[in-house]
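The structure appears right after this line, and notes come after that.
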Amino acid sequence: CDLVVFNLYKKNLSTSLKRSKIEAIFIPIKVDERKKNIGTVSTLSSKLLSFNIDRKDTIIAFGGGILGDIVGFTASIVLRGINYIQIPTTLLSQVDSSVGGKTGVNSSNGKNLLGSFYQPKLVIIDTDFLNSLPRRELIAGYAEIIKYGIIIDNRFYKWLLRNGSKVIDGDQRARVYAIHRSCLNKSKIVEADEKENGIRALLNLGHTFG
Ligand code: GLY
């Protein structure tokens, strides 16, 4: 779990897991872009192994995009691959990074150069998490939503021109619609080109050109 998100939601999370009779261990970690490196993956892996996990266990990545990328990559290498679930808590991770199985960390040679394509078993998106997200983060996520309008979905782009501010300002219906449509668009592209040999590269528009 991302430490900040964990502190906000630990009660809800542990109650939900208990109610579903899921036995869980929480590993809160402080993440930022500087921590997105192989050292953090190594520390997290050792911690997981110290709990004697096996391949029947599942890791849940609870937090934003950086956390999801670190945890996904760790899940892909621990015991040669263990199931994981994404519960993204930022708009950016809900509409982009949690979906499609790209995992990874930065290397001293560049961003996201160490990683794997490793699909989560499930992605659980709850728009309520967005209520505690700073506006700047909402706008960063919104840039990824516009991306789908530009690269693949002209009707959605037109809808966003009329309704985009509702998504940022907290209209639940608009948020659910925009997130759902973004994920549908992303899944179409990932299904066509999971390993980014062609069309998937379009999804990098929001990260480079944008
Ligand atoms: N975030 C870009 C991709 O998933 O391909």
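The values are calculated or read from the model by the stated rules, or taken from the named source; none is laboratory data. All values reported here derive from a predicted model rather than from experimental measurement. Cβ sites come from the backbone with ideal geometry, for glycine too, and all protein chains shown count toward neighbours. When the accessible area is computed, the model is the full protein with side chains, heavy atoms only, and any ligands, DNA or RNA have been set aside. Shrake-Rupley method; radii C 1.70, N 1.55, O 1.52, S 1.80 Å.
A few remarks follow.
- Protein accessible area in the chain, 1.4 Å probe - carbon and sulfur %: 55 percent
- Hydrodynamic radius by Kirkwood, which averages 1/r over all alpha carbon pairs of segment 25-75, in angstrom: 11.3 Å
- Heavy-atom accessible surface of residue 49, to the nearest 10 Å², is about 80 Å², with a 1.4 Å probe and all protein chains retained.
- When the listed pairs 10/121; 30/188; 47/102; 111/186; 11/166 are checked against a 27 Å cut-off, the alpha-carbon distance exceeds it for 30/188; 11/166.
- Protein heavy-atom accessible surface, 1.4 Å probe, per residue over segment 104-210: 60 Å².
- Using alpha carbons only: equivalent-ellipsoid semi-axes of the chain, gyration tensor based, whole Å: 28, 21, 15
- All alpha carbon pair distances within segment 1-51 were sorted into 10 Å bins beginning at 0; the resulting P(r) in whole percents reads 22, 44, 30, 4.
- Virtual spin-label span in nm between residue 199 and residue 171, 7 Å along Cα→Cβ: 3.0 nm
- Each Lys and Arg adds +1 at its Cβ and each Asp and Glu adds -1 at its Cβ; summed about the Cα centre, segment 119-210 shows a dipole of about 280 debye.
- Per residue convex hull volume, Cα atoms of segment 2-106, in Å³: 100 Å³
- Amide H within-cut-off set for residue 37, under 5 Å, with H built and near neighbours excluded: 106
- An oblate overall shape is assigned to segment 74-137, the ratio a/c of its alpha-carbon gyration tensor axes (a ≥ b ≥ c) being 1.5 or greater and a/b not exceeding b/c.
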